[in-house]
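Every number in this text was worked out from the coordinates using simple rules, so none of it is lab data. Just so it is clear, the model here is predicted, and its values are computed rather than measured. Please note: Cβ atoms are built from the backbone with ideal geometry, for glycine as well, and neighbour counts cover all protein chains shown.
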Amino acid sequence: MTQPALVVEDLSLAIGPAQVVDGVGFSVAPGEVLALVGESGCGKSLTAQAVMRLLPAAIRQVSGRVRLGAEEISALPERRMRELRGRRLSMIFQEPQAALDPLATVGTQVAEALRLSVAQARPQVRKMLEDVGISDPDRRIDQYPFELSGGMCQRVMIATALISGPAVLLADEPTTALDVTIQAQILDLLRRLATERQTAVVLITHDMGVVADIADRVAVMYAGRIAETGPTEAIFAAPRHPYTALLLASIPRLSDVPKSKLAVIEGRVPTPAEFGPGCRFAGRCPLADAHCAEATPPLRSVGDGRLSACFHAERVR
Amino acid sequence: MLRHIAGRVGQAIVATFGVLTMVFFVMRLSGDPTLLLVPEGATAEQIAALRHQLGFDRPLVVQYGAYLADLARLDLGESLVQRAPVAGIVGERIPYTMALAAGSLVVALGIGIPAGIAMAVWRGSVLERALAAFVLTGQSLPTFWSGILLILLFGVNLGWLPTSGADSLGSLVMPSVALGALTMSTFARMTRIAVLDELSRDYVAAARARGLSLAAAVGRHVLRNAAIPVVTVTALEVGNLLAGAVIVETVFAWPGIGQLAIQSIAARDFLVVQTVVLFVSVVYVGTNLLADLAYAAIDPRIRMGA
């Protein structure tokens, strides 16, 4: 197996005393798309911000190592980190229009990732805009974000993120704010660019449909911890964590009887103040027993390259 | 773009016309100016003769028409007290007030904007608290009091700067500081809020994610976005500066139009007062027009009419 492009180990983040991300780890190979899935507030976006080392001031990193290729980057000084951002490690965001400076032209912002002005980098910027499927790049390059649609803005963001040929792209809910048809186009684009450029993509999403579309592997997060990881197909075929199973069951399907009730996961995600010593899903889990509330289930191998943090992984259906 | 400019210029013309109309009628509300001019003990015939000579016996609408016609010829009339053209009386004072306003703006913008940016970027730091205390001080000192304090300290005790008058560039320092302090505080607070608001936006995170330092992100993206509210406040503050000039010019014996206004009101020289008010209003309308044009220069969405 080739060396992973990105490895995150034992990442823990805290707001005050509350551990909001707890021992999260994953790795992504070049050209691979890993989906980091979970409900809002499960810590998936914070995980990405921690990898970029752009955490909000209120968040404290308790532990964690991040390796980019062979290089350990978690202890690099900010100046070195800045050189990596945009060049070897890029990120795109949920609201493409908000993520672009409204007063700067498209070209200026794409060229910025190369540390150049549009005048200096015009041919490269033009080529990159073409590669992300923007028609008439010669005109678009001098336009402002308000002249572009949301989908077009996300393409510009992708161009900005990939123009320096980074090894890793962190995509934080890149299609959530877009129309469904545009979503599919952007996902196809990400999938194609990941393969062509051998970029490792960490796709953060709450949408299992998105996962099924483009991810090679999935890491399911619940309340700041990884619940289950494994190849997408295997997880969709036979989940090995009760949370994943319920998440999959709650996706509406065309084959469902019309107006039948959707499956819901009873209860709600515990707040950090409510975290106990045991499994954080225990309170909502149909398989939970007394042991689950007392001990944290470790991530363990459950076959086929899959890991599950459940004592009862073998009983999940 | 052209439509934006044409629209704003049109609005400015309407506003100016409204101002000169109001100035005319409000001045006439203060009573018959003839009575202010005649010596005590004048007979009714003498008063009537003077009233006729000055044209104050004509219907108000006719006087208004004559006033507009004079204005159109740039004829501002003759001071009834000083017996000299008003244009000259006011005109020779204008450079002084302009110099004072420019000095105050330099103080206000030069200190207020960097202070506001620093307070936003280093939010929660000791520096922010120190600057906040400084800004609060500037905001809390009334001009007439801070002016006298400055004179006592730098003029009388230390002897560094002239206490009053307009003899050298040094004379401009204290009035500019006294007048600019309040505006400086306004700029600092506005800039802080505007920059904080922009710093929380996604495009800042995105700029940092593509490798910009916080300083570069602020310099290349945040300041331009934060400029719009600051430009608005600058235009509005020019009005406050001109109003404050009345006090500061009196405290420092600065021979500008603020001092002239006070003197003319005391002397009941109402044509001069009217012209000063008109001048201040036109400057105010003009600066706001400039601000409108500045928005278009800053923001492509306004420029392109989006």
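Worth a mention:
- Dipole moment magnitude, nearest 20 debye, region B:28-128 about Cα centre, only Lys, Arg, Asp, Glu C-beta charged: 280 debye
- Here's how it looks for residue A:170: its modeled amide H is under 5 Å from those of A:90, A:91, A:92, A:202, which are all 5 or more places away or on a different chain.
- Just so you know, the averaged projected area of the alpha carbon convex hull for the protein assembly as shown sits at 40.4 nm².
- Selection from A:238, B:254, A:145 lying farthest towards where the dipole of the protein assembly as shown points positive, charges on Cβ: A:238
- Exposed GluC sites (Glu not before Pro) absent: longest stretch of chain B, with sites in DSSP loops and at most 16 other Cβ within 10 Å deemed exposed: B:93-306
- Rounded to 10°, Cα long-axis angle of helix B:60-72 versus longest principal axis of chain B: 60 degrees
- Distance from the alpha carbon centroid of region A:248-266 to that of region B:152-231 works out to 58 angstrom.
- Taking every alpha-carbon pair within region B:2-72, the share separated by more than 18 Å comes to 54 percent.
- Whole-angstrom gap from region B:246-306 to region B:1-79, using each part's C-alpha centre: 19 Å
- Value of D in µm² per second that Stokes-Einstein yields for region B:33-115, Kirkwood Rh from Cα pairs, at 20 °C (1.002 mPa s): 132 µm²/s
- Annotation: amide H-H contacts under 5 Å for residue A:13 (H modelled 1.01 Å from N, sequence separation of 5 or more, or interchain): A:20, A:21, A:22, A:23, A:62.
- Counting DSSP beta bridges with both ends in the protein assembly as shown, the antiparallel % (nearest 5): 60 percent
- In a reduced charge model with +1 at each Lys and Arg Cβ and -1 at each Asp and Glu Cβ, region B:95-255 shows a dipole moment near 640 debye about its Cα centre.
- Springs join every pair of Cα atoms under 10 Å in this Gaussian network model of chain B, and among B:203, B:67, B:96 the largest mean-square fluctuation is at B:203.
- Value of [θ]222 nm, deg cm²/dmol, for the protein assembly as shown, DSSP H segments ≥ 4, -39500 (n - 2.57) each, nearest 500: -16500 deg cm²/dmol
- GNM top mover of B:11, B:63, B:46 - chain B, alpha-carbon springs below 10 Å: B:46
- Magnitude of the charge dipole, region B:174-306, Cβ model with Lys/Arg +1 and Asp/Glu -1, debye to 20: 520 debye
- Per residue, the Cα convex hull of chain A amounts to 145 Å³.
- DSSP H segments from chain A that extend 30 Å or more along their own axis, Cα-based, with Kyte-Doolittle mean of -0.5 or above: none
- Evaluated over region A:170-257, the Cα radius of gyration and Dmax, each in Å: 13.5, 43
- Of the chymotrypsin sites (Phe, Trp or Tyr not before Pro) found in region B:119-171, those that fall in a DSSP loop while having at most 14 other beta-carbon atoms within 10 Å are B:122, B:160.
- Converting phi to 3J(HN,Hα) with the Karplus coefficients 6.51, -1.76 and 1.60 and the offset θ = phi - 60°, region B:21-34 yields 5, 5, 4, 4, 6, 5, 4, 6, 5, 7, x, 6, x, 4 Hz in sequence order, with x at every glycine or proline.
- Largest mean-square fluctuation among B:176, B:30, B:140, in a Gaussian network model of chain B whose springs join Cα atoms under 10 Å apart, belongs to B:30.
- 0 to 90° range, to nearest 10: angle between helix B:94-121 axis and chain B longest Cα axis: 20 degrees
- Cα centroid separation, region A:99-143 to region A:2-53 (Å): 30 Å
- Relative contact order, whole percent, for chain A stands at 20, derived from Cα pairs under 8 Å and 6 or more residues apart.
- Value of D in µm² per second that Stokes-Einstein yields for region B:95-255, Kirkwood Rh from Cα pairs, at 4 °C (1.567 mPa s): 77 µm²/s
- More than 19 angstrom apart: percent of Cα pairs within region A:81-219: 46 percent
- Taking all pairs of distinct alpha-carbon atoms in chain B, Kirkwood radius in angstrom: 22.3 Å
- Modelled this way, with points 7 Å down the Cα-to-C-beta line, the labels at residue B:2 and residue A:257 are 6.9 nm from one another.
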